[in-house]
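The block underneath contains the structure these notes are about, expressed in structure tokens.
All of the numbers you see were taken from the coordinates with simple rules; none came from a lab. As the structure is a prediction and not an experimental result, all values here were calculated from the model. Using ideal geometry, Cβ is built from the backbone for each residue, glycine included, and neighbour counts are taken over all protein chains shown.
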Amino acid sequence: MKIHEYQARQLLADFGIPVPPGRMVETVADAAAEARRLFEGGAGIVVVKAQVHAGGRGKAGFVKVVKTADEAEKAAAFMLSHRMVSPQTPPEGLEVKRLLVAAGVDIAKEYYLAIVTDRARRTNTLIASAEGGVEIEHVAATRPDAIVKVAMDPTMGLSAYQAREVAFRLGFRGKQVGQAADTMMKLASLYLAKDASLAEINPLVVTPPAQAHPDGRVVAIDAKFNFHANALFRHPALQAMFDPTEENPAELRAREFELNYVALDGNIGCLVNGAGLAMSTMDIIKLHGGDPANFLDVGGGATEEAVTEAFRIILSDGRVKGVLVNIFGGIMQCDKIARAIVAAAKNIGFKVPLVVRLEGTNVAEARRILEAARAELPTMQAATDLTDAARKVCSAVS
Ligand code: GDP
Ligand code: MN
């Protein structure tokens with residue numbers, strides 16, 4: 001589960017990491033009022049930032065540093081009336097419904113800091129770079145040596161000596177070292193305490209030297225988090241941060257019916273029971289030159305209603321040019337799937353080719369049901385096994 005930057009900043013603040021003050025607003029008028037309040041409170045600059053579950057806002061023009069409340073108003077009016085398109089959004093972009101208006105920070109240097117679940121190393125890993133900011137993806141791709149990675153101990157978490165070492169390697173000096181290391185330690189605590197899979201601060205900045213802080217201050221001015229969905233039951237406060245309007249609507253509907261659905265880019269809709277079978281179904285489609293439009297595991301206990309809903313989700317995707325049903329009935333009864341296919345044919349209609357491979361519990365009954373409904377399923381072909389099914393659906397869509 002992702003959260004917005006304004007929520008992420010609150011979490012950072014809760015864990016004692018310095019973040020500039022700010023507030024989430026939903027209207028142009030509130031944005032202007034909040035900016036005015038910050039300027040009157042002594043802020044030299046204010047930053048207006050689109051709150052969407054995607055990065056790349058800076059380059060897309062959806063992070064604006066402003067010097068007056070009027071400029072803040074203009075920036076807010078632009079962001080709330082334009083879709084944001086970045087390499088991290090769908091091509092049509094995202095609607096912006098919320099903004100963060102925060103005190104701006106003078107920046108001497110930008111750093112990158114993150115903790116991720118590194119599946120290749122099988123550890124939580126601290127990733128840091130002295131070249132943070134909006135070009136970090138480019139830096140990671142072209143100069144991997146500019147990125148520092150440190151494995152965290154599974155039981156001890158991040159150690160203080162590791163944090164200090166990283167701070168020195170990134171070139172922090174004087175009082176900055178302690179502040180940067182402290183931020184790393186706190187970010188690691190937050191990551192573990194909240195069952196995160198990603199905790200990223202980019203940029204972590206050092207402010208220019210000032211009388212009160214001759215070495216500058218280390219401050220977080222953007223944060224991005226991702227949390228393990230299966231651990232959310234332990235975190236009611238995080239659950240409350242869930243913003244359904246930022247989710248893929250098909251994935252949301254699938255969740256309501258307890259279906260495991262992930263939208264993908266291809267054109268073959270898949271309905272499968274069991275995550276393992278769903279993975280091998282996607283593999284075998286690829287092997288035969290096709291591209292799955294989704295991952296969909298209806299599980300073992302799904303009701304006929306839920307399976308019908310699964311078909312509705314698949315068939316409402318305009319990119320789907322063919323559907324493959326691959327069921328190995330163990331707990332799932334094949335006749336339940338067959339009834340759902342017939343219900344979907346009656347309620348929605350299969351206008352695209354449908355390839356069905358059914359085996360296991362109650363398969364004879366399932367075949368009888370499908371045979372009896374032939375007239376309603378003109379595009380249906382039966383497949384004998386997985387390979388046959390993949391061949392048939394791939395040639396049907398090509
Ligand atoms: P992102 O592009 O979605 O990651 O949004 P960020 O919040 O990281 O902002 C992008 C860039 O805008 C940062 O790397 C900074 O260079 C700049 N920026 C953001 N906030 C401030 C601020 O308070 N002061 C200044 N001077 N620049 C800022
Ligand atoms: Mn950023």
Diffusion constant of region 62-167 at 20 °C, which comes from Stokes-Einstein with the Kirkwood Cα-pair radius and 1.002 mPa s, µm²/s: 126 µm²/s
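Applying a 10 Å radius around every beta-carbon, put 193-201, 372-380 in order of their mean neighbour count, most first.
Result, highest mean Cβ count within 10 Å first: 193-201, 372-380.
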With the dipole of the chain worked out from charges on the C-beta (+1 for Lys and Arg, -1 for Asp and Glu) around the Cα centre, which of L277, V219, F311 lies farthest toward the positive end? V219
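With charges only on Cβ, +1 for K and R and -1 for D and E, what is the dipole size of region 233-293 about its Cα centre, in debye, rounded to 20?
Dipole size: approximately 200 debye.
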May I ask you to work out the translational diffusion coefficient for region 215-292 at 4 °C, viscosity 1.567 mPa s, via Stokes-Einstein with Rh from the Kirkwood sum over Cα pairs, reported in whole µm²/s? 81 µm²/s
Using all C-alpha to C-alpha distances in region 331-395, build P(r) with 10 Å bins and read off the rounded percent in each one. 22, 53, 25, 0
What percentages, rounded to whole numbers, describe P(r) for the chain computed over all alpha carbon pairs with 20 Å bin width beginning at zero? 24, 44, 27, 5, 0
Roughly how many debye, to the nearest 20, is the charge dipole of region 183-250 about its Cα centre, given +1 on each Lys and Arg Cβ, -1 on each Asp and Glu Cβ, and no other charges? 260 debye
Apply the Karplus curve 6.51 cos²θ - 1.76 cosθ + 1.60, θ = phi - 60°, to the phi angles in region 49-66 and return the couplings in whole Hz, x for Gly and Pro. 9, 5, 9, 9, 7, 7, x, x, 5, x, 5, 7, x, 10, 10, 10, 8, 10
Order of V205, V139 - criterion: other Cβ atoms within 10 Å of each residue's Cβ, fewest first: V139, V205
Could you work out the relative contact order of region 43-93? I mean the mean sequence separation of Cα pairs under 8 Å and 6+ apart, divided by the number of residues, in percent. 37 percent
To the nearest 20 debye, what charge dipole does the chain have about its Cα centre, counting +1 at the Cβ of each Lys and Arg and -1 at the Cβ of each Asp and Glu? 360 debye
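Once the other residues with Cβ under 11 Å from the Cβ of R312 are scored (Lys, Arg +1; Asp, Glu -1), what is the net sum?
-2
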Taking a ≥ b ≥ c as the square roots of the eigenvalues of the Cα gyration tensor of region 2-53, is the shape rounded (a/c under 1.5), prolate (a/b larger than b/c) or oblate? oblate
Cβ crowding within 10 Å averaged over residues, with 113-119, 143-149 ranked highest first: 113-119, 143-149
Determine Rg/Rh for region 147-300; Rg is computed over alpha-carbon atoms and Rh is the Kirkwood hydrodynamic estimate from the same atoms. 1.13
For A130, placing the label point 7 angstrom along Cα-to-beta-carbon and taking region 179-219, residues whose amide nitrogen sits under 16 Å are 180-181, 204-207
If contacts are Cα pairs under 8 angstrom and at least 6 residues apart, what is the relative contact order of region 307-353 in percent? 59 percent
Compute the distance from the alpha-carbon center of region 353-392 to that of region 306-336, in whole Å. 12 Å
Just check region 1-114 against the gyration tensor rule for me: Cα atoms, a ≥ b ≥ c as the square roots of the eigenvalues, rounded for a/c under 1.5, and otherwise prolate or oblate depending on whether a/b exceeds b/c. oblate
Using a simple spin-label model with points 7 Å from Cα along the Cα→Cβ vector, what separation in nm is obtained for A160 and L198? 3.2 nm
Would you tally the net charge around A69, using a Cβ to Cβ cut-off of less than 15 Å, leaving A69 out, and scoring K and R as +1, D and E as -1? 0
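Run through every distinct alpha carbon pair of region 292-337 and return the Kirkwood hydrodynamic radius in angstroms, one decimal place.
The answer is 11.4 Å.
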Quick one: pull the percentage of alpha-carbon pairs in region 79-227 with a separation above 28 Å. 24 percent
Share of Cα-Cα pairs in region 248-300 beyond 18 Å, whole percent, is 26 percent
Roughly what would the spin-label model give for Q211 and K346, points 7 Å off Cα along C-beta, in nm? 8.2 nm
Any idea how far the Cα center of region 182-229 sits from the one of region 96-126, in Å? 7 Å
Relative exposure of T142, T27, T125, judged by other C-beta atoms within 10 Å (fewest first): T142, T27, T125
Simple label model, 7 Å out from Cα along Cβ direction - D30 to R143, nm: 4.2 nm
